[in-house]
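Inspection log for the structure reproduced underneath, given as structure tokens.
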Amino acid sequence: MSASPEAGSSSTEPALPLAFDPEDREVLRLAGTSASDGARAWRLNGRAHRLSLVQGFDRLLSWPSLRGVTRYEHQERAALRVLREMRGRAILADEVGLGKTVEAGLVLKEYAIRGLVGRALILTPPGLRTQWREEMQEKFSLPFEVLRSVQDWERHPFLIASLDTAKREPHGSAARGTAWDLVVVDEAHHLKNRESRNWRFVAGLHKKYMLLLTATPIQNDMDELFNLVSLLKPGQLHTYEEFQTRYVGSPDGRMPARVTELRSRLRDVMVRNRRGISFTLPPRRVHSLPVRLSPEERRLYDDVTDFVRDAWGMSIGRLPLTAKLILIVLQREIGSSTFATARTLAKMQDSPMFGPDERERLADLARQAMAIQDNVKASRLRDFLRSSDEKALVFTQYLRTLEYLKRVLEADGITVAVYHGSLAPAAKDEAVRAFRGDRRVFLSTEAGGEGRNLQFAHTLVNYDLPWNPLRIEQRIGRVHRLGQEREVHVVNLWAEDTVEQYLIELLDRKIHMFELVVGELDLILGDLEGRKSFEELLMDIWTLKEAEARRAAMQRLGAALVRARTQYDAVKEWNDEVLRPVSEEAPA
Amino acid sequence: MSEAEPLRAFVAEALADAGAEVTGHGGVLWVRSPESLRQALEIPETLALVFESERVGEFGAELIAPGSYLLERILQLAMRRGRWDRGKAQPESDRWISEALAGAGFPATEGVSVGETKDGVLFVFTFRVALTSDEKRETFHAIVVPAASEAGWEIPADLAEAPLSPFPPPGLSPGLESAYEVAARTLQEATRDFVETFRGNGLIALEEEVHRIFGYFDGTVREVRAAAPSGAEEVVRAIEAERDRRLTEALERFEPHATASLCSVRTVVAPTTAARVRMEGELAREVDVVVDPFTRSVRGPSCDRCGQPAGPRFVLPSREILCTGCAATGAESAPLRARPRSDTPRPRRRAAPAGARSPPGSTGRFRFASSRRRGP
């Protein structure tokens, strides 16, 4: 007898009986005793339920609600493979620049929409926490927060933490004590060693789904691949000894064996999109616009730098950490504009963190800064913008500089759309729309356009240079990304004999940063930095008092950067070789 | 029709039903909300909504699309409201009895003697069924149960939503609780194959996972013992603890759960007409049936194959009178004169165990989905 939809027709109890909601009784009670909301409300109730039904992973539901995410087939395919075939446990190993973050965001969002993920943890390198939060919030409307205190483990169901912080107590216990629906590990090659605290910490997390993001799953030897896959799906590549016997073909562990079989097993856990033959980003042209400061600006720059060097030298043990950070900000601001610096100097002159002599020097510097009405760099920018009719994005780190530039450009008849972090979301949307419309220049602070498509512009001006190269890369990524069809011009404005000149020397001439695909720089700097950030390394050198010592230190840093770049190129080539057939080519 | 259009229509109607003034211009919906709605949805008094991401930001409009929080809140609001309703079903035409008979394959005019028509009470229960493991599938079902009946059956959602005339509230609805029990049993049966397929797939995945975990950790223990026959016990204990933790994690991940929740109840007063129908041919006989204009089903005789006493009946060309389930399988060997109305969707599925059928229910979603595919 076939199963009939009529009651009482089956003679056996179902193996998995439906658990009815106890709340049903309350609905019955009210249905029998109280007035209804009306026939229309009844009909809408049914429609609301049907609209919100989850039908497995038949398609991606989230596309319409995403903001500033261009729909690429390779990303859609990757997300669906992770959801359907890999059941939420995957290594996303796309080549740099193909959008692993977007793929992870898609998977996260699809799970969240279906109610399958209510608690998620993203583990990133420290420098990428804010970027992840911005991307998850702005593109995917996922309410991620960056971990600030141990209470945040309880407080925020969607949390971003650096792996270094998360594994340390008291955070480690809190993280392990939480049942995570999804854990994402960015730059997962940091989990290559299964004896490391990183690996053991991630392995010990209680999790349902896990995504490991890395463009280079193997860096030194095949063991790293085994460790990464075993973290995700133990047994997928057999036991360690079996893996060694079957899949490692040389004593140094670098040559794979039984490659077809290995790749077949990897296909069950790894998505690796590569740029197709027809997929190439248009070229990027870099232009340097060096500027000689006016005598007043030069004097202010040198005086501020002298102050910073003096204070930095004495800061250890005497000045609080906050003062040290203020000194970094001050040195960065003077590289941007005198207007950005003036305000900070005015605040510092009243700060009890500095002694009476220092405060007197600061007051003098503040007076100098406020007396300067024009900056040479702004004139240079104006000249550059006059030289063509192209739309241009102009980035600065500081709101004061932005306000000054707005005045200067508008006085010159150049139309400007202003975009900064303090604007309300609607005003930000309006700024982007105005730029897409008739405005010539998109004048933006560091928050500029995260997650927004600005590829219709082809010229980007770095009015000042952030010391964190990843921020420069993010700026470039606003226009030089998937979807860009025309040659992109990156224009760097910098003043001679400043820390920014050092920066250009290192990033442009040593590692040709401006030629790298967005995302690659982090992999290079990740190898370089150790415990100090690039900004800290730069500040350490800049604050050396002797010019000769500065030059020598700069050369050492340059050489280290070159080595890191060479190492990165070699690793990239090796991954391509071993993992090639796991890859799918991304369409143009 | 654009993909966003059904969503737009729903949102406009749901907000209007909750007291908002809603007007539409171009692709933008303008909403002015009363205080109660503002609080419920956490929205300002006036609000512009758009349904296509390209229009985000126009007039500061908020995007409504799957995954947007405001849509989620509107859906929740609509689901909290409208949980019960009552009314009277009116025949759409004078020929509703013959149409219902003909629709089920019975003789419609000749040999039919129509008896007395009385008001009967039908309860409609709508349920949401959720199957979860490491994935989730949900279906929506409308089950109808005549008052004081021991049997119910599933009807298409659009039939359940048919307009009713206002009817004086009958006060307490006697028999509602027992009808719910019948509806719950009916739902259990109606979803049996669907649930079993889901469970089966989950168990296959679990078995693979468990097999892999045991293979890896037990193999690792062997390797560790072989490398250091003595003094490896601490390491082995740690490996086994990790294995057990991974097994627990796998069980939590793949263990299937099936839940059902009552979405709404509708009490329908429907004219119910008794008729005697003379069947000709090999299985010639007279059968007493009842029909009503709400479910448009023919009920009364027991199923010739399985003996089920209640529910809609269908006639095969052989003159067999069958229940819905038997009619569906009977149709494989002999085509029905009139096929029973099917609300069975055909979603893509993984390989199902032999004999498993397509999941029933979820009509609305599939109808909704197909209407969106039709395009403008």
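The values are calculated or read from the model by the stated rules, or taken from the named source; none is laboratory data. All values reported here derive from a predicted model rather than from experimental measurement. Reconstructed Cβ throughout: ideal geometry from the backbone, glycine too, with neighbour counts over all protein chains shown.
Return the total of residues in the range A:45-83 being of a type outside the set (A, V, I, L, M, F, W, C), over 23 Å from A:V96 (Cα atoms) and facing chain B (nearest Cβ under 7 Å). Break it down stepwise before answering.
Of the residues in the range A:45-83, the ones of a type outside the set (A, V, I, L, M, F, W, C) are A:45-47, A:49-50, A:52, A:55-56, A:58-59, A:62, A:64-65, A:67-68, A:70-77, A:81.
From what is left, the residues that are over 23 Å from A:V96 (Cα atoms) are A:45-47, A:49-50, A:52, A:55-56, A:58-59, A:62, A:64-65.
Still in the running and facing chain B (nearest Cβ under 7 Å): A:45-47, A:49-50, A:52, A:55-56, A:58, A:62, A:64-65.
Final tally of qualifying residues: 12.
Among residues of the range B:252-269 that are facing another protein chain (nearest Cβ under 7 Å), those with a Cβ under 7 angstrom from a residue that is among the polar types (S, T, N, Q) and outside any strand (DSSP E or B), sequence gap 6+ or separate chain, pair up as B:P256/B:S133; B:C263/A:N45; B:S264/A:N45.
Can you find a residue that is within 14 Å of chain A (Cβ to nearest Cβ), within 36 Å of the chain's Cα centre (by Cα) and touching a residue at least 24 places away in the same chain (Cβ under 8 Å) anywhere in the range B:235-248? Among the residues of the range B:235-248, at least one is within 14 Å of chain A (Cβ to nearest Cβ), within 36 Å of the chain's Cα centre (by Cα) and touching a residue at least 24 places away in the same chain (Cβ under 8 Å), which makes the answer yes.
Here's a check for you: in the range B:270-291, which residue that is of a type in the set (V, I, T) and over 30 Å from B:T126 (Cα atoms) is nearest to the other protein chains (Cβ to nearest Cβ)? Lay out the reasoning, then the answer.
Just the residues of the range B:270-291 that are of a type in the set (V, I, T), to begin with: B:272-273, B:277, B:287, B:289-291.
From what is left, the residues that are over 30 Å from B:T126 (Cα atoms) are B:277, B:287.
On the way: B:V277: 21, B:V287: 18 Å.
Checking each candidate, the answer is B:V287.
The set of residues from the range B:249-264 being in a helix (DSSP H, G or I), within 28 Å of the chain's Cα centre (by Cα) and among the charged types (D, E, K, R) comprises B:E252, B:R253. Criterion first (β-branched (V, I, T), under 23 Å from B:T126 (Cβ atoms) and more than 7 Å from chain A (Cβ to nearest Cβ)) does B:I155 satisfy it? In short, yes.
Against the test of being more than 10 Å from chain A (Cβ to nearest Cβ) and either farther than 30 Å from A:I113 by Cα or modelled with pLDDT of 90 or more (or both), the options B:A179, B:A148 yield a single qualifying residue, B:A148.
Look at the range A:136-157: where a residue is at positive phi and a partner is among the polar types (S, T, N, Q) and crowded, with 20+ Cβ neighbours inside 10 Å, sitting 6+ places away or on another chain with Cβ atoms under 9 Å, you get A:S141/A:S65; A:S141/B:S68.
Of the residues making up the range B:206-220, those that are of a type outside the set (D, E), more than 7 Å from every other protein chain (Cβ to nearest Cβ) and either surrounded by fewer than 18 Cβ atoms within 10 Å (Cβ to Cβ) or not in a helix (DSSP H, G or I) (or both) are B:V210, B:H211, B:F214. For the range A:341-362, the set of residues classified as in a helix (DSSP H, G or I) and loosely packed, with under 15 Cβ neighbours inside 10 Å consists of A:K347, A:P356, A:D357, A:E360, listed by residue number. Quick one: would you say A:E333 is in contact with a Phe, Trp or Tyr (Cβ under 9 Å, 6 or more places away or on another chain), in contact (Cβ under 8 Å) with a residue 24 or more places away in the chain and of a type outside the set (V, I, T)? Judged against the criteria, A:E333 is a match.
Just to be sure before I move on: is B:E42 surrounded by fewer than 18 Cβ atoms within 10 Å (Cβ to Cβ) and touching a residue at least 24 places away in the same chain (Cβ under 8 Å) in the structure I sent? Judged against the criteria, B:E42 is a match.
Among the helices (runs of 4 or more DSSP H) lying completely within the range B:16-131, list those that include at least 1 residues that are facing chain A (nearest Cβ under 9 Å) and modelled with pLDDT of 90 or more. Explain how you work it out, then say what you get.
Values: elements: B:35-41, B:69-80, B:96-103.
Here the list reads B:69-80.
Scanning the range A:203-248 for residues that are β-branched (V, I, T), within 14 Å of another protein chain (Cβ to nearest Cβ) and within 21 Å of A:N575 (Cβ to Cβ) yields one hit, A:V229. Given the criteria within 12 Å of chain A (Cβ to nearest Cβ) and at pLDDT 90 or above, does B:V11 qualify? Yes; evaluated as a whole, the condition is true for this residue.
With respect to being touching a residue at least 24 places away in the same chain (Cβ under 8 Å) and not hydroxyl-bearing (S, T, Y), B:E135 falls outside the description. Out of B:A310, B:A275, B:A270, one residue alone is under 30 Å from B:A78 (Cβ atoms) and surrounded by 18 or more Cβ atoms within 10 Å (Cβ to Cβ). It is B:A270.
Of everything in the range A:112-157 that is within 14 Å of chain B (Cβ to nearest Cβ) and touching an Asp or Glu at 6+ places or on another chain (Cβ under 7 Å), the residue that is surrounded by the most Cβ atoms within 10 Å (Cβ to Cβ) is A:V117. Restricting attention to the range A:467-484 and to residues that are part of a loop (DSSP other than H, G, I, E, B), surrounded by 22 or more Cβ atoms within 10 Å (Cβ to Cβ) and of a type outside the set (K, R), the residue that is modelled with the lowest pLDDT turns out to be A:H480. The conditions of being buried (at least 22 other Cβ atoms within 10 Å of the Cβ) and either closer than 15 Å to B:R128 by Cα or without any contact (Cβ under 8 Å) to a residue 12 or more places away in the chain (or both) are met by A:L44.
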